[in-house]
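K.L.:
Quick one: the structure is below, questions incoming.
The values are calculated or read from the model by the stated rules, or taken from the named source; none is laboratory data. Note that the structure is predicted; figures quoted are calculated from it, not measured. Note that each Cβ is placed from the backbone with ideal geometry, even for glycine, and that neighbours are counted across all protein chains shown. In case anyone asks, the SASA skips ligands and DNA or RNA and just uses the protein heavy atoms, side chains included. Shrake-Rupley method; radii C 1.70, N 1.55, O 1.52, S 1.80 Å.
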Amino acid sequence: MADPKGTPIGAAPTGASPNGTPALARAKFAEVLRLEAGFDEARIQDCFKAEEESGQSIDRVIFEKAYAPEESVLKAFAKFLGVEYLRSLESANVPQEFVQKVPVSFARTYNLVALGVKDGTAKVATCAPFDVQPIDDLAKLMGCEVEPVLAPRSEITALINRGYRHKADGVDDALSSIEDEDIVGLTAEIEESEDLLDVANKAPIIKLVNTVLFQALKLRASDIHLQPYPDRLQVRFRIDGLLHDMQTVPKKAQEAIISRVKVMGKMDIAERRLPQDGRASIKLGDGEVDVRISSIPSGDGERIVMRLLDKTAKVYTLDEIGLEPRNKEIFLKYLDYSHGIILVTGPTGSGKTTTLYGGLTALNSAELNILTIEDPIEYNLPGISQVQVAVKKGLTFAAGLRSFLRQDPDVMMVGEIRDLETAEIAIRAALTGHLVFSTVHTNDAPSTITRMVDIGVEPYLVSSSLLLIIAQRLVRTICNRCKEFVEPNEFMRGKIREVGLSMDRLPTGKVAVGRGCDECFRSGYSGRTAIYEFLPIDDVVRAQIMNRANATEMKKSSIERGLVTLRMDGVDKIVKGLTTADEVLRVTQLDMF
């Protein structure tokens, strides 16, 4: 990799340190870091010193130091090198030539993915432009010149997953190589954090489990189910909220696979009659994935469910989570408050944490001290102190929140308010000048208020501390590859009427549907977005709380003042062609008031 004047960044002239950058390039690079990424002189010199001492490329050093957001750093790199920076790769497609010639393990390890090949030159996205050896190796693998562009690591990871999702994963090879003798001797210790991509010299059972995990991550699965039947072990993935049957494993390999997963989770493989919980950390190239493992005994053998938390997954901003302009404006208004409670409500898996992370990311700055206590920590947020709940050690939500108050916080997030003690500490924090985020499990926004009162919080405390309640659900979005607009038939018209949408609101009188293609498993859906119900706690709602009004009364009067319910927000997304009436009906209830 060279700078615009042709000076290799990693090459050292006579008199320079072997790992250092040339003095002229250094001065220019330091200036760009100052202007584009906000680095001060001390941080710049610290990075150059670490580069010389460690032998790592300067980009890796800078990212490890985490002195500035990834986007700012990549923009600085792009300006210095005179290359393009792409904030999103969502609309990009990986050329088949890249998928066929480049092993997925190479692409994942070095965060490299081609965006297109033209006139013998491949345009390749990277987030480590100064690590030149992998880029040179990629040019040899593809047999052409490589033109680098810069993109965030999470975008590159997501594009690699999409590009390789239909390539054979080796699951069938691993299944065919399982012999009866592989089923014994699986209790050996495993590495603290095993790399899924390192399967070359593994035993067939280990290779099979690793390959299933890797395939699940490629397909954006949130959970893996290993469900035993009398004649087989069925592997199922939960993708976009729905389960899909994947591989079928012979019954003879069931015990070995279950034992392997339990060893990974440091569970007791001899105990088969009681439920167990475990957790493992696995590597995917240089990224980490947390796996939460649960086993229960069933008639046909132990049933395993693994929850996957990919730490390299993208943290969504407020612009990317499906907020309508009116809702985004409300959210940003309350994020500016110095104290109070913002609650997000919905069932498990409805995207509550993603919404809260979006809010925290919008707030994140050097001027604010932001602390979170979570169970589990789903994504790493640079610049924010995140604490993991450890109930066995006495670190509960309430205990953590109480400790936070002695840490001079500005903003706090507690994973869930599930009891009176946690609620009271959160309210005390809000009333003493802190902005508090949390989640609860209720059906809609108004019923959150009655839940708080039901668990024992005095109405005057609820009314004086609450700022905003956000209810949400996730709906599947129509696959962009096979989306088409059609005239609704009588059955579809019935669904449209049931959801509360009048035909004259449809711009062309047509609705969007997905035909079904290989990319979306013939379902017509790919990806998810959220629908929201934003309830600001205004003077009217405060008076209703003090008078102990029920949720129905609050909802009715709020709708009269402009509240957009979950179903109404879903209807707006049907009109925009993002989702279907079936999806909105699946996740919302009729607005009763």
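K.L.:
Taking only the stretch 309-333 into account, find how many residues are under 18 Å from Leu535 (Cβ atoms) and either among the acidic types (Asp, Glu) or over 21 Å from the mean Cα position of the chain (by Cα) (or both).
P.N.:
Here the count works out to 8.
K.L.:
Let me ask something else about it. Only residues that are over 12 Å from Thr353 (Cβ atoms), assigned to a strand (DSSP E or B) and open to solvent by less than 40 Å² (accessible area, probe 1.4 Å): list them for the stretch 371-399, please.
P.N.:
Going residue by residue through the stretch 371-399, those that are over 12 Å from Thr353 (Cβ atoms) are 371, 373, 380, 382-385, 387-399.
Remaining after also requiring assigned to a strand (DSSP E or B): 371, 373, 385, 387-388, 390, 395.
The answer is Leu371, Ile373, Ala390.
K.L.:
Among the residues of the stretch 354-370, is there at least one that is in contact (Cβ under 8 Å) with a residue 40 or more places away in the chain, open to solvent by 50 Å² or more (accessible area, probe 1.4 Å) and hydroxyl-bearing (Ser, Thr, Tyr)?
P.N.:
Yes - at least one qualifying residue is present in the stretch 354-370.
K.L.:
Restricting attention to the stretch 78-135, which residues are within 21 Å of the chain's Cα centre (by Cα) and within 29 Å of Ala27 (Cα to Cα)?
P.N.:
The answer is Leu86, Arg87, Tyr110, Asn111, Leu112, Ala125, Thr126, Cys127.
K.L.:
Another question, then. Within the stretch 292-313, which residues are without any contact (Cβ under 8 Å) to a residue 60 or more places away in the chain and open to solvent by less than 50 Å² (accessible area, probe 1.4 Å)? Don't jump to the end; show me each part of the working.
P.N.:
So the first thing to find is which residues in the stretch 292-313 are without any contact (Cβ under 8 Å) to a residue 60 or more places away in the chain, and the list is 293-297, 299.
Listed by number, the residues that qualify are Ile293, Ser294, Ser295.
K.L.:
Scan the stretch 410-433 and tell me whether some residue there is of a type in the set (Lys, Arg) and within 26 Å of the chain's Cα centre (by Cα).
P.N.:
So far as the stretch 410-433 goes, yes, one or more of its residues are of a type in the set (Lys, Arg) and within 26 Å of the chain's Cα centre (by Cα).
Residue-wise test of (1) open to solvent by 20 Å² or more (accessible area, probe 1.4 Å); (2) touching a strand residue (DSSP E or B) at 6+ places or on another chain (Cβ under 8 Å).
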site	(1), (2)
Asp454	yes, no
Ser463	no, no
Ile478	no, yes
Gly516	no, no
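K.L.:
Are any of the residues in the stretch 314-324 without any contact (Cβ under 8 Å) to a residue 40 or more places away in the chain, under 23 Å from Arg476 (Cβ atoms) and either open to solvent by 40 Å² or more (accessible area, probe 1.4 Å) or in a helix (DSSP H, G or I) (or both)?
P.N.:
As a first pass, look at the stretch 314-324 and keep what is without any contact (Cβ under 8 Å) to a residue 40 or more places away in the chain: 319-320.
Still in the running and under 23 Å from Arg476 (Cβ atoms): 319-320.
Checking the rest, the ones that are also either open to solvent by 40 Å² or more (accessible area, probe 1.4 Å) or in a helix (DSSP H, G or I) (or both) come to 319-320.
Scanning the stretch 314-324, I find at least one residue that is without any contact (Cβ under 8 Å) to a residue 40 or more places away in the chain, under 23 Å from Arg476 (Cβ atoms) and either open to solvent by 40 Å² or more (accessible area, probe 1.4 Å) or in a helix (DSSP H, G or I) (or both), so the answer is yes.
K.L.:
Is the stretch 507-515 home to any residue that is within 30 Å of Arg428 (Cβ to Cβ) and touching a helix residue (DSSP H, G or I) at 6+ places or on another chain (Cβ under 7 Å)?
P.N.:
Our first condition is that a residue be within 30 Å of Arg428 (Cβ to Cβ); within the stretch 507-515, this holds for none.
No, the stretch 507-515 has no match at all.
K.L.:
Filtering the stretch 140-184 down to residues that are farther than 16 Å from Glu84 by Cβ, open to solvent by less than 30 Å² (accessible area, probe 1.4 Å) and small (Gly, Ala, Ser), which residue is modelled with the highest pLDDT?
P.N.:
In this case the residue turns out to be Ser154.
K.L.:
Moving on to the next point. Looking at the stretch 434-450, which of the residues that are over 15 Å from Thr565 (Cβ atoms) and surrounded by fewer than 20 Cβ atoms within 10 Å (Cβ to Cβ) is farthest from the chain's Cα centre (by Cα)?
P.N.:
First pass over the stretch 434-450, keeping only residues over 15 Å from Thr565 (Cβ atoms): 434-441, 449-450.
Of the ones still in play, those that are also surrounded by fewer than 20 Cβ atoms within 10 Å (Cβ to Cβ) are 441, 450.
On the way: His441: 20, Thr450: 31 Å.
So, considering only residues that are over 15 Å from Thr565 (Cβ atoms) and surrounded by fewer than 20 Cβ atoms within 10 Å (Cβ to Cβ), the one farthest from the chain's Cα centre (by Cα) is Thr450.
K.L.:
Quick check, is Lys266 at positive phi and modelled with pLDDT of 90 or more? Give the derivation first.
P.N.:
Working: at positive phi: yes; modelled with pLDDT of 90 or more: yes.
The answer is yes for Lys266.
K.L.:
If you don't mind, another one. Tally time: how many residues in the stretch 271-287 are open to solvent by less than 70 Å² (accessible area, probe 1.4 Å) and assigned to a strand (DSSP E or B)?
P.N.:
Counting residues in the stretch 271-287 that are open to solvent by less than 70 Å² (accessible area, probe 1.4 Å) and assigned to a strand (DSSP E or B) gives 7.
K.L.:
Among the residues in the stretch 357-367, are any within 26 Å of Leu242 (Cβ to Cβ) and assigned to a helix (DSSP H, G or I)?
P.N.:
Yes: one or more hits.
K.L.:
Inside the stretch 546-565, can you point out the residues that are crowded, with 19+ Cβ neighbours inside 10 Å and among the hydroxyl-bearing types (Ser, Thr, Tyr)?
P.N.:
Once the filter is applied, which keeps residues that are crowded, with 19+ Cβ neighbours inside 10 Å and among the hydroxyl-bearing types (Ser, Thr, Tyr), the stretch 546-565 yields Ser558, Thr565.
K.L.:
Within the group Ser88, Ser72, which residue is hydroxyl-bearing (Ser, Thr, Tyr), within 23 Å of Val146 (Cα to Cα), open to solvent by 10 Å² or more (accessible area, probe 1.4 Å) and out of contact with any Cys (no Cβ under 8 Å at 6 or more places or on another chain)?
P.N.:
Checking each option against the conditions leaves just Ser88.
K.L.:
Now for a separate question. Among the residues of the stretch 410-424, what is the count of those that are open to solvent by 10 Å² or more (accessible area, probe 1.4 Å) and touching a residue at least 40 places away in the same chain (Cβ under 8 Å)? Spell out the reasoning first.
P.N.:
Of all residues in the stretch 410-424, those open to solvent by 10 Å² or more (accessible area, probe 1.4 Å) come to 410, 415-421, 424.
Of the ones still in play, those that are also touching a residue at least 40 places away in the same chain (Cβ under 8 Å) are 410, 415-417.
Selection size over the stretch 410-424: 4.
K.L.:
Identify all residues within the stretch 136-157 that are assigned to a strand (DSSP E or B), of a type in the set (Asp, Glu) and either within 22 Å of the chain's Cα centre (by Cα) or closer than 25 Å to Glu90 by Cβ (or both); write none if there are none.
P.N.:
Taking the stretch 136-157 first, the residues assigned to a strand (DSSP E or B) are 145-150.
Pick out the ones that are also of a type in the set (Asp, Glu) and you get 145, 147.
Within the stretch 136-157, just Glu147 meets the criteria.
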